[in-house]
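Beneath this line is the structure, given in structure tokens, with notes to follow.
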Amino acid sequence: MAVIQTDVVIAGGGIGGTLLAALLVRGGKRVLIVERAKGPPPFLRPEVLWPPAAAALFALKPREFWESECLRPLGGITVDQGGRVEPFVTRVTLARAGVQPFLTQPNHTRETLLGICGAEVRRGVEVIGLLRDGMRVCGLQARVIENGETFEVEAALTVGDDGGESRVLEGCGIGIERREFPVEFIVRGLPWPAQWAPDVVRLYFPAQRGGGLMAFGVMPLPGAAAAALGVVRAGCADDVLAAELEQIFSHAAEVPQELRACGFPHGFTRIRRPWGHAERYGVEGAVLLGDAIHPVTPAGGQGANMAIADAVALARLILAGEKNLVAAYESARRSANERGVRPSRLAGRLFRLLNIPLLGALPGKLLPHLLRREAVVARLLRSLASASAR
């Protein structure tokens, strides 16, 4: 069996693990990334980076580099409710909040990071176990998916950025309670309508409440692309969702052809996102970051932001030669990550309440009042940005 030796091996090529690799390589470390997927996922989903996360990317390459293909500053959000289009977030709101979110093309962002991180990257490789020297983790065992060939990676530090079903977390024997979110998400990519402002998110809400489709949004991305996201009741049948999406469009003030061609379920992917927070952040010789230790839902857009903040904190400690790495890393990140998990917890409670028939119409009644409260919206933006701050 082949044996590879390196300073740090990272399981998973997510945004946090790849940023960590870039920071460590710049600090003189040898880094190997093993990634199960051979390429980006076949679907496109919305993602928002808050200022601290964007700043971490800008420290690697200038802002202009990232905005060329991966990032776009958010200019606003509008809400179309039964044909009435109203501003929800404007440039004035953003200025009042002191926050500039960035709309991201998540697949391009991760692929770009993998290309510039400077680490050795092996794709199409899955983790099958951890190596141990007594109680200490000293690397991992991996398998090439295409031909079944196995090899070992010996490393001073093993990092798990391998998602919500982390093999590294499992191998470390760390417990995590994953809670099912009470709704599903439907996502797909599509062209951005040319007549729309290229930096304004469009949100749609059904005119009638209590159905399977609770909300639908379209987010502009760099390169004239867009990502659509629908929030749906878990288990709702495809034909019901197709009819309700068409109903939303039939009542909307403006529906370009790009949206009318967006018939469900064609081109859509359903996603279930459990959430939770691991009891520990690592063991001797191994640490975890991102969804491996705190999987979250799209509520608040915290997942990528938390992973980036994990990577920045972890790189700083590794390059400083921190001897008690796991304890120092967890001390630096647990309270911040708990704030990041909070939107998932609160949204989960809210969606469970909305499944009660008498409360299902509540958002439609409250939303018009919220649209007129710019100060409240500004505070919400500041809260979401701070939830991922390092």
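To the nearest 0.05, what FRET efficiency results for ARG342 and GLU149 with a Förster distance of 51 Å applied to their C-beta separation?
For R0 = 51 Å, the calculated efficiency reads 0.70.
Restricting region 150-197 to GluC sites (Glu not before Pro) that sit in a DSSP loop and have at most 14 other Cβ atoms within 10 Å of their own Cβ leaves GLU165, GLU177, GLU180. Give me the angle, in degrees from 0 to 90, between the Cα long axis of helix 303-319 and the longest principal axis of the Cα atoms of the chain, rounded to the nearest 10. Rounded to the nearest ten degrees, it is 20. Quick one: go through region 11-32 and flag any residue whose amide nitrogen is under 18 Å from the point 7 Å out along the Cα-to-Cβ line of GLU126. Inside the label zone: 11-14. Placing +1 on the Cβ of every Lys and Arg and -1 on the Cβ of every Asp and Glu, with nothing else charged, gives the chain a dipole about its Cα centre of roughly 1220 debye.
Here region 59-127 and region 224-267 have alpha carbon centers that stand 23 Å from each other.
Compute log10 of I(q)/I(0) for region 4-63 with the Debye formula, placing one identical point scatterer on every Cα and leaving out solvent, at q = 0.15, 0.17, 0.24, 0.28 Å⁻¹, to two decimals. Per q value, in the given order, log10 I(q)/I(0) is -0.57, -0.72, -1.10, -1.18.
Close Lys pairs in the chain, defined as Cα atoms under 28 Å apart and 8 or more places apart or on different chains, number 4.
According to the Cα-based calculation, Rg over Rh for region 133-265 is 1.17, with Rh computed by the Kirkwood formula.
A simple charge model with +1 on the Cβ of Lys and Arg, -1 on the Cβ of Asp and Glu and nothing else charged puts the dipole of region 49-176 at about 580 debye relative to its Cα centre.
Full extension of the segment from GLU246 to VAL85, taken as 0.36 nm per residue of separation minus the current Cα-Cα distance, would add 56.2 nm. In terms of its C-alpha gyration tensor, region 1-129 comes out prolate, because a/c is 1.5 or above and the ratio a/b outweighs b/c. With neighbour counts taken as other beta-carbon atoms within 10 Å, the residues LYS61, LYS29 rank, fewest first, as LYS61, LYS29. Rounded to the nearest 10 degrees, the angle from helix 325-354 to the longest Cα principal axis of the chain is 30 degrees. Residues considered: PRO193, PRO46, PRO256. Largest GNM mean-square fluctuation over the chain, using C-alpha springs under 10 Å, is found at PRO256. By the count of other C-beta atoms within 10 Å, a proxy for reagent exposure, THR104, THR6 are ordered fewest to most as THR6, THR104.
Packing around the peptides 324-337, 123-136, 279-292, taken as the average count of other Cβ atoms within 10 Å per residue, puts them in this order, highest first: 279-292, 324-337, 123-136.
Alpha-carbon geometry of the chain: the Rg and the Dmax are 21.4, 65 Å, given in that order.
I'd like the antiparallel share, as a percent to the nearest 5, of DSSP beta bridges with both residues in the chain. Approximately 65 percent, going by the DSSP bridge assignments.
FYI, it's all coordinate maths here, none of it is from the lab. From a predicted model like this one, the values you see are computed outputs, not experimental measurements. Note that each Cβ is placed from the backbone with ideal geometry, even for glycine, and that neighbours are counted across all protein chains shown.
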